[in-house]
1. Considering only the stretch 137-167, state which residues are buried (at least 16 other Cβ atoms within 10 Å of the Cβ) and of a type in the set (D, E, K, R).
2. For the stretch 129-147, does any single residue satisfy the condition of being closer than 20 Å to HIS64 by Cα and among the charged types (D, E, K, R)?
3. Among the residues of the stretch 93-136, count how many are over 21 Å from TYR61 (Cα atoms), surrounded by 12 or more Cβ atoms within 10 Å (Cβ to Cβ) and among the aliphatic types (A, V, I, L, M).
4. Do we find that VAL63 is surrounded by 14 or more Cβ atoms within 10 Å (Cβ to Cβ), of a type in the set (A, V, I, L, M, F, W, C) and at pLDDT 95 or above in this structure?
5. With respect to ILE3, is the statement that it is surrounded by fewer than 18 Cβ atoms within 10 Å (Cβ to Cβ), modelled with pLDDT of 95 or more, over 30 Å from ALA153 (Cα atoms) and of a type in the set (Val, Ile, Thr) true?
6. Within the stretch 155-169, is even one residue in a loop (DSSP other than H, G, I, E, B), charged (D, E, K, R) and without any contact (Cβ under 8 Å) to a residue 12 or more places away in the chain?
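The values are calculated or read from the model by the stated rules, or taken from the named source; none is laboratory data. If you're wondering where the values come from, they're calculated on a predicted model, not measured in any experiment. Every residue, glycine as well, gets a Cβ built from its backbone with ideal geometry; the counts of neighbours run over all protein chains shown.
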Amino acid sequence: MIIAHLPAGYITSKILYPRFQSRGCSLKSFFWSGIFGSIAPDLDLVYFYLIDRRQHHHHTYWVHFPIVWFSMLILSVIWIASVRSVSRAALLLIFSLNGFLHMLLDSVVGDIWWGAPFSDKPFSFFTVPARYNPWWLNFLLHWSFGLELAIAALALCLWCRSSSSSLASF
């Protein structure tokens with residue numbers, strides 16, 4: 001996925017915020033945690049380009065291991081279940097949920113090492129054939145980019161339909 005991570009994070013955060021609003025979780029904190037979680041796995045691109053010099057697929061770095069995001073998700077659920085004030089636990093939940101969603105979205109046409117670090121076998125639902133140069137053109141002209149555009153359109157729809165002015169900024 002190229003453009004769908006942020007919109008998907010917005011959609012997830014928008015849908016889940018009403019469940020945590022009454023428990024003292026601020027709108028801004030919840031949305032920023034969700035948005036940051038949706039792109040956090042791709043922070044490895046800084047290392048990929050500046051330090052590793054593109055020697056290894058960036059999905060092989062630990063921030064792209066689904067077990068990392070699933071573990072944080074489980075910890076946040078346990079934390080929420082064990083405390084009365086769930087504000088900080090909710091921030092971890094939306095952050096890790098969107099990080100895990102990032103793994104799912106990347107699995108559509110990108111290799112994700114779902115068994116890492118215990119297995120070195122990549123998985124993706126579909127393959128994007130290498131037909132065009134530069135490489136990113138293959139993704140833009142593949143049917144999966146339509147899915148990305150649909151996710152972005154849904155996020156835009158949700159944003160435009162926000163009934164309250166405080167939610168309109170998110």
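1. GLU148
2. No; the residues of the stretch 129-147 include none that is closer than 20 Å to HIS64 by Cα and among the charged types (D, E, K, R).
3. Residues meeting the conditions: 3.
4. yes
5. In short, no.
6. Looking through the stretch 155-169, at least one residue is in a loop (DSSP other than H, G, I, E, B), charged (D, E, K, R) and without any contact (Cβ under 8 Å) to a residue 12 or more places away in the chain.
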